[in-house]
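To start, the structure under review is shown below, and the notes come after it.
The values are calculated or read from the model by the stated rules, or taken from the named source; none is laboratory data. Here the structure is a predicted model, which means the values were calculated and not measured. Note that we place each Cβ from the backbone using ideal geometry, even for glycine, and neighbour counts take in every protein chain shown. Only protein heavy atoms, including side chains, enter the accessible area calculation; ligands, DNA and RNA are left aside. Shrake-Rupley method; radii C 1.70, N 1.55, O 1.52, S 1.80 Å.
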Amino acid sequence: MTDNGLPPEPPGFAELVADLALAYADLRDPNRRSLVEQIVTGAIAIIPGVVAAAVETLDAQGRLGAPVMVGNEVARAVMDAQNELSDGPGLQALRDQKQVVVNDLGSDGRWPAVAAAAASAGVQSVLCTPMEVNGRSFGVLVLLGGASDFGDSAEDSAVLARIFAAHAALALSGAATSGQMATALESRDLIGQAKGILMERFHLAPDAAFALLVQTSSHTNTRLRAVCEQLCDTGQLPSDRRAPRPSPTD
């Protein structure tokens, strides 16, 4: 209750999106799947009129895929219809990196097969909004509605979807950067361990130990990280007759 004895007003869209953004930050393990689950669930809860949602990406064959869906049967029916047709609003949004708004699939006329599958699943409207940060695509946020315009004007729905997708893309971008940094730190530590082994075994200076690791990687066509992993795990470098014998330092 507020000070005047009245119940508090429901939070607005901006406040809900801000709360969801904070929830992204609170995730202990900000991997892609956990974030996508938050994004899809949040879209259903925050954007009016959405009955099903998914974050969809393209696989190597150019087909839509979505590891997480809310309203699974509905969202999957519309996605599968697009894959069978090799066209549809989600595919177009991903290919063009532009938002696609369809207020009434039945009267739109561009994708009759998709419209038929959507109608069978109780879907009339679709909003597909690319999620992109600095030219990097993180998929498309697909929102499906059972009523035209998701209960509001098409323009308002499209704006809400763009705001939500922008926050979601930033969260996914942050998770990707965090993962890359963690991998880089792990690789640095692994290389340091491998260098230490060579330095002690062959009395090499740090630069010479690193050079030997790089030479071994090149001569055996093995990634540097894999060379270091093998040395740390087995005590042996990948063998290659061309690899020079290390020389002790003075």
- [ ] Could you list, in sequence order, all residues of the range 201-229 that are surrounded by fewer than 15 Cβ atoms within 10 Å (Cβ to Cβ) and of a type in the set (Lys, Arg)?
- [x] Arg201, Arg223
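For the condition open to solvent by less than 60 Å² (accessible area, probe 1.4 Å), within 26 Å of the chain's Cα centre (by Cα), under 30 Å from Glu37 (Cβ atoms) and modelled with pLDDT under 75, what is the one hit in Ala168, Ala175?
Details: Ala168 fails: modelled with pLDDT under 75.
Matching residue, one of Ala168, Ala175: Ala175.
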Task: Lone qualifier among Val50, Val36 - being crowded, with 20+ Cβ neighbours inside 10 Å and either at pLDDT 85 or above or touching a Leu at 6+ places or on another chain (Cβ under 7 Å) (or both) - done: Val50
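Is it true that Thr249 is of a type in the set (S, T, N, Q), at pLDDT 85 or above and at negative phi? Even if it seems obvious, please write down each step before you answer.
Numbers: of a type in the set (S, T, N, Q): yes; at pLDDT 85 or above: no; at negative phi: yes.
Here the answer is no, as Thr249 does not meet what is asked.
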TODO: Select from the range 131-149 the residues that are over 16 Å from Ile47 (Cα atoms) and among the charged types (D, E, K, R) and write down the one among them that is modelled with the highest pLDDT.
DONE: Glu132
Open item on the list: I'm trying to understand the selection: among the residues of the range 70-88, which are free of Cβ contacts under 8 Å to residues at least 40 places away in the same chain and of a type outside the set (Ser, Thr, Tyr)?
Closed with: Val70, Asn72, Arg76, Asp80, Ala81, Gln82, Asn83, Glu84, Leu85, Asp87, Gly88
Open item on the list: Go through the range 117-135 and report how many residues are of a type outside the set (A, V, I, L, M), free of Cβ contacts under 8 Å to residues at least 40 places away in the same chain and open to solvent by 20 Å² or more (accessible area, probe 1.4 Å).
Closed with: 5
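Determine, yes or no, whether Pro67 is free of Cβ contacts under 8 Å to residues at least 60 places away in the same chain and open to solvent by 10 Å² or more (accessible area, probe 1.4 Å).
Values: free of Cβ contacts under 8 Å to residues at least 60 places away in the same chain: yes; open to solvent by 10 Å² or more (accessible area, probe 1.4 Å): yes.
Here the answer is yes, as Pro67 does meet what is asked.
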TODO: Could you list all residues from the range 78-116 that are closer than 18 Å to Asp59 by Cα, open to solvent by less than 60 Å² (accessible area, probe 1.4 Å) and of a type in the set (Gly, Ala, Ser)?
DONE: Ala81, Gly88, Gly90, Ala93
